[in-house]
Amino acid sequence: MALGARQVSRWCCLLKTSRAAEFPRRLRSCSITAHACREFAPLALLPSKKNVLLWRLQAYRHVSVLSCSPPDSAKDEFFSSPESNLPSPVEQEQAKAKPLPDLNAKILYEDWDDVPPSSALEEISEEEAVQIIAEPLLPLQSSTFRDYVDHSETLAKLVHLGVDLSQVEKRQKAGQLLLTLDFEKDIKKILLFLKDVGVEDNQLGTFLTKNPYILAEDLEALETRVAYLKSKKFGKAEIAQMVSRAPYLLLFSVERLDNRLGFFKNELGLSVKKTKDLVIRLPRLLTGKLEPAKENLQVCQVELGFQRNEIQEIVFKTPKILTASRKKLKQTFDYLHNIMGIPHHMLTRFPQVFNSRLFRIKERHMFLTFLGRAQYDPAQPSYISLDQLVSLPDEVFCTEIAKASIQDFEKFLKTL
């Protein structure tokens, strides 16, 4: 008897637990109203010690009446275990795997006017493929700007300034330099600096054609070099003239410029003022190599026989003699001194004759000799200075110096 009572009590507890777990799901599936829930809750959650089976049956019937008819399997629920009311593992996996529609994405695509972008791997027809225009790839290496000028804003603006890119590309590493520079960031500030120095707008293109490397120079270093020239008493107009005529001048450091000025001052024995005037008239002396100047000074003194004071005067009047070809210098001197009989002091007085073409000197001297008017001694009548001999145009030389017509001079040249 006692054993039967304990079994009944255990069975009632299991049934109560099963019903309590099943109750919320039944309410959701059967759409029980809030009022029905409040009416039914005491029966389900507060069991008494007596008539447990009767109350459970009343609760079940009450839910069935308020909702709709239960499923057929509900008839055996009193004899099933609590685990049988839970969904099976297969049903759980199917519920998880069932995809839900993305309503937001659908609405988003409906609102777009354009079709969503296609994939880069999407196949296209042959007609669509033919209509695709691909830009040609720029060469990694080239010996000309022609391949890059249409694709580079920097090169286009330099051309607009008047830079001759066909000449720039011949200079070592100049092409590579220009392709790495940005016009607004790197070049514009250098152009403004050059204009401030005194380079005219119409000279900027020619200047950069001769010296594109200045575009890579540090602006502060350039300003320091200009400040040095000003400290040596070079005026603004003189600096502008020197920079325009010798574009590489500002690439030289202050120390190098100072050494060049000191060299010409000491070698020629010139004063500071005369040294300054010398480099203003030929600023290439500061940028060219010093070896040709040293050699020509040696030639004038040793081979041509000029005295130091005569060399000083010749160089100050004609600075180009320092950069002239040694061969040409010796040939011109030989003809003037040994053939025409011009002494050293006369050559020192008119050193411009060394800058003239030798065949021009020969033609006119031979024509004057043919006419009997080749007289270069200032103490003699009908004296002809070396300046008149080489500087006058042919017509003026014939009518005023040779006292002949231009036709006579041309006929004479045909006999040579």
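The values are calculated or read from the model by the stated rules, or taken from the named source; none is laboratory data. Keep in mind that what you see is a predicted model, and the values were worked out from it rather than measured. With ideal geometry, Cβ positions are generated from the backbone for all residues, glycine too; neighbour counts draw on all protein chains shown. Keep in mind that these areas ignore ligands, DNA and RNA; they rest on the heavy atoms of the full protein, side chains included. Shrake-Rupley method; radii C 1.70, N 1.55, O 1.52, S 1.80 Å.
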Out of Val396, Val315, Val390, Val353, sole residue that is β-branched (Val, Ile, Thr), open to solvent by less than 70 Å² (accessible area, probe 1.4 Å) and more than 30 Å from Glu267 (Cβ to Cβ): Val396
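Conditions (1) over 20 Å from Gly305 (Cα atoms); (2) touching a helix residue (DSSP H, G or I) at 6+ places or on another chain (Cβ under 7 Å); (3) assigned to a helix (DSSP H, G or I); (4) not small (Gly, Ala, Ser), marked per residue:
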position: Leu347; (1), (2), (3), (4): no, yes, yes, yes
position: Met366; (1), (2), (3), (4): yes, no, yes, yes
position: Leu389; (1), (2), (3), (4): yes, yes, yes, yes
position: Cys398; (1), (2), (3), (4): yes, yes, yes, yes
The range 168-201: number of residues that are at pLDDT below 90 and farther than 15 Å from Leu158 by Cα: 4
Selection from the range 254-282 of residues that are touching a Ser or Thr at 6+ places or on another chain (Cβ under 9 Å) and either in a loop (DSSP other than H, G, I, E, B) or more than 20 Å from Val315 (Cβ to Cβ) (or both): Val254, Leu282
Residue match in the range 210-218 (condition: open to solvent by 20 Å² or more (accessible area, probe 1.4 Å) and either over 24 Å from Thr154 (Cα atoms) or of a type in the set (Ser, Thr, Tyr) (or both)): yes
Single unsatisfied condition, Ala379 versus (1) of a type in the set (A, V, I, L, M); (2) surrounded by 13 or more Cβ atoms within 10 Å (Cβ to Cβ); (3) out of contact with any Ser or Thr (no Cβ under 9 Å at 6 or more places or on another chain): (2)
Tabulated pairs, the range 231-245, first farther than 12 Å from Val279 by Cβ and small (Gly, Ala, Ser), second in a helix (DSSP H, G or I) and open to solvent by less than 60 Å² (accessible area, probe 1.4 Å), C-beta under 8 angstrom, 6+ apart or interchain: Ala240/Val197; Ser244/Phe207
Enumeration of residues in the range 379-411 that are charged (D, E, K, R) and under 20 Å from Leu347 (Cα atoms): Asp387
Enumeration of residues in the range 170-194 that are open to solvent by 60 Å² or more (accessible area, probe 1.4 Å) and either among the hydrophobic types (A, V, I, L, M, F, W, C) or more than 15 Å from Leu219 (Cβ to Cβ) (or both): Lys170, Arg171, Gln172, Lys173, Gln176, Leu179, Thr180, Leu192
Evaluation of Asp334 against (1) touching a residue at least 12 places away in the same chain (Cβ under 8 Å); (2) within 28 Å of Ser385 (Cα to Cα); (3) among the acidic types (Asp, Glu) (one fails), failing number: (1)
Members of the range 287-336 found to be in a loop (DSSP other than H, G, I, E, B) and in contact with a Pro (Cβ under 7 Å, 6 or more places away or on another chain), listed by number: Thr318, Thr323
For Arg256: the one exception among (1) in contact (Cβ under 8 Å) with a residue 12 or more places away in the chain; (2) more than 28 Å from Asp182 (Cβ to Cβ): (1)
Of all residues making up the range 195-206, the number that are open to solvent by less than 90 Å² (accessible area, probe 1.4 Å) and either under 17 Å from Ala221 (Cβ atoms) or hydrophobic (A, V, I, L, M, F, W, C) (or both): 3
